Amino acid sequence: MGTRNRFPKGWNEARVKAVLEHYESQTEDEAVAEDEAAFRRRDQAVMLVPKTLVPAITKLITREETAATRRRHNTLQPTSRARRKSKSLRTSRAARG
């Protein structure tokens, strides 16, 4: 039985091949221009960190992205605590008559 390749969410063999083709067919000048453009971006930062910290930093970034996604999806829905509080207010009003 062959080994099955596992890709991160949103990736597949075709996407990996496309990325490889892009970078393998780039000239050195194109690669330098792409790198320089990345360093000029204002919405990102580039820093040097010890390799031993890379897994922890990657985990932190993933956790923050997940939390941000949840916050975006939950902005229109009351939290479970708010729903409980709202329900208890309705119940107490009904009890008062």
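Listed here are the residues, each with its yes/no results for (1) out of contact with any strand residue (DSSP E or B) (no Cβ under 6 Å at 6 or more places or on another chain); (2) modelled with pLDDT under 90; (3) under 23 Å from Lys9 (Cβ atoms).
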{"site": "Glu28", "(1), (2), (3)": "yes, no, no"}
{"site": "Ala31", "(1), (2), (3)": "yes, no, no"}
{"site": "Glu34", "(1), (2), (3)": "yes, no, no"}
{"site": "Ala37", "(1), (2), (3)": "yes, no, no"}
{"site": "Arg41", "(1), (2), (3)": "yes, no, no"}
{"site": "Arg70", "(1), (2), (3)": "yes, yes, yes"}
{"site": "Arg83", "(1), (2), (3)": "yes, yes, no"}
{"site": "Thr91", "(1), (2), (3)": "yes, yes, no"}
{"site": "Arg96", "(1), (2), (3)": "yes, yes, no"}
Scanning the stretch 14-60 residue by residue, the ones that are assigned to a helix (DSSP H, G or I), among the charged types (D, E, K, R) and loosely packed, with under 10 Cβ neighbours inside 10 Å total 6
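The values are calculated or read from the model by the stated rules, or taken from the named source; none is laboratory data. Everything numeric here is computed off the predicted structure, so don't read it as measured data. Don't worry about glycine lacking a Cβ; one is built from the backbone with ideal geometry, like all the others, and counts go over all protein chains shown.
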